[in-house]
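To start, the structure under review is shown below, and the notes come after it.
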Amino acid sequence: MSLLKALTRILAIVGKELVSVVRRPGALLSLVLGPFLIMALFGVGYSGYRRPLDTIVVIPPNTGLSTDVKSYQDVAGEGLRVTAITADENDAMAQLTTQKVDVVVVAPPDAKAQFQAGKRTQIAVRVNVTDPVESAYAVFLTRSLEAAVNRQIVQQAATEGEGYAISRGAAGASQIPPDVIAAPTQAVLQNVAQSQPTVVQYFGPAVLALILQHMAVTLIALSVVREKTSGLFELFRISPITTAELVTGKLIAYGIFAGAVALITIGLLVVGFHVPQLADPGWIALVALLLIASSLGLGLLIAAVSSSEPQTVQLSLLLLLASVFFSGFVLAIDEFSEPVRTMIYALPVSNGIRLLGDFMFRGGTIVGWQIGLMAGLAGVYILLSWLILRRVIARA
């Protein structure tokens with residue numbers, strides 16, 4: 001009999017838990033369908049294709065080299081997209097500095113003289129990157145460009161029946177080292193970025209942005225849902241406090257807490273990990289403030305549509321998962337296709353990662369519109385949350 005009673009109690013608990021799950025369809029849908037939705041968006045949006053780097057080729061005056069874009073594109077390969085041929089090196093470098101182009105290739109002015117002197121001709125390949133991964137990719141493209149140029153030179157010499165060495169005669173050819181004849185050119189990579197952080201330094205601001213968003217979203221969402229489910233909203237309904245005052249108080253409280261965490265973390269990054277800080281601290285503080293404000297607004301919105309603490313936690317974790325995949329933390333945003341690429345910027349962390357990296361590693365940014373976007377996101381999320389919570393409190 002005791003065994004039968006134990007089984008009866010166990011089955012009663014099983015039935016109670018199953019009924020409680022069924023009675024919360026929102027939590028069930030977010031738990032089951034949420035990850036599949038993120039996977040579907042990732043599969044649709046991620047192309048797996050790294051875009052070609054926009055390249056300007058600088059041809060010094062009086063070199064006699066071709067100015068046909070197609071001929072240089074054939075040599076550059078698929079990794080580089082030659083957009084212009086110019087003789088103005090200063091203008092090309094200005095476009096590289098302002099990140100309007102990705103690569104500047106400078107042809108040598110004295111290739112023939114260098115070869116006759118038994119030296120390799122150097123082709124300057126200049127980039128402007130702070131990402132160590134992008135820097136390694138630039139090295140790969142530089143080596144590929146060098147091999148392609150040398151291959152074309154050797155093939156042309158074989159086709160014409162004479163190479164550089166042959167044109168000088170037997171006596172001259174003997175003075176040119178065989179390795180120079182086999183590989184007449186050498187591509188030299190130059191990174192003109194304001195700073196070149198290590199992997200740990202580069203990902204420091206990105207981790208900070210991810211932590212700030214997740215912390216702000218989770219803390220404020222759990223606070224509101226806890227009050228919603230505990231019956232406090234009924235007291236708010238009959239108290240003098242308004243929904244706007246409630247939302248403002250929570251934003252200020254958790255904003256102060258998240259701001260303190262951001263201040264301490266940035267200090268540790270700069271002092272402990274020697275992360276560069278090239279911009280005025282005020283710009284970095286502004287980005288952190290907007291990131292926290294938009295994240296708190298998003299957390300309020302999650303709380304407004306959640307019916308329980310478990311559902312809030314599930315939505316917060318789904319948001320964290322989406323942020324890791326789509327924010328540029330792991331994969332570059334420009335590797336996603338539309339419309340997913342545009343949707344990505346609705347995540348506060350996507351803008352925070354780019355802006356913190358630009359201000360800390362470059363001293364400025366060319367995507368100032370993302371500052372305004374984060375301010376707009378904060379306003380929209382907070383307004384929507386206020387509207388929904390006002391109705392919830394009125395019904396309480």
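The values are calculated or read from the model by the stated rules, or taken from the named source; none is laboratory data. This is a predicted model, so every value here is computed, not measured. With ideal geometry, Cβ positions are generated from the backbone for all residues, glycine too; neighbour counts draw on all protein chains shown. We work out accessible area using only protein heavy atoms, side chains counted, and drop any ligands, DNA or RNA first. Shrake-Rupley method; radii C 1.70, N 1.55, O 1.52, S 1.80 Å.
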Full-stretch length increase - HIS274, ALA375 - with 0.36 nm per residue and alpha-carbon distance subtracted: 33.4 nm
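With the cut-off at 1.5 for a/c, could you classify region 41-97 from its C-alpha gyration tensor as rounded, prolate or oblate? Kindly include the intermediate steps, with their values, before the conclusion.
Details: a/c = 5.22, a/b = 2.09, b/c = 2.50.
Taking the square roots of the gyration eigenvalues as a ≥ b ≥ c, region 41-97 is oblate.
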Calculate the FRET efficiency for PHE257 and SER230 from the Cβ-Cβ distance with a Förster distance of 22 Å, rounded to the nearest 0.05. 0.55
For region 285-293, Karplus-derived ³J(HN,Hα) couplings (6.51, -1.76, 1.60; θ = phi - 60°; whole Hz; x for glycine and proline) come out as 5, 5, 4, 4, 5, 5, 5, 5, 5
Estimated distance in nm for a label pair at GLU78 and PHE36, the labels positioned 7 Å out from Cα along Cα-to-Cβ: 3.4
If R₀ is 41 angstrom, what is the calculated FRET efficiency for the pair VAL207 and VAL14, using the beta carbon separation as r and rounding to 0.05? 0.45
Around VAL103: net Lys/Arg minus Asp/Glu count, Cβ-Cβ under 10 Å: 0
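Figure the gain on full extension for LYS100 and THR67 (residue separation times 0.36 nm, minus the Cα-Cα span) and round it to one decimal in nm.
Stretched out fully, the LYS100 to THR67 stretch lengthens by 9.8 nm.
Which value, in Å², gives the accessible area per residue of region 338-379 when a 1.4 Å probe is used on the protein heavy atoms? Intermediate results must be reported in sequence, preceding the final value.
On the way: 1450 Å² over 42 residues.
Averaged over the residues of region 338-379, the accessible area is 34 Å².
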Which order do you get for ARG51, ARG143 if you rank them by accessible area with a 1.4 Å probe, largest at the top? ARG143, ARG51
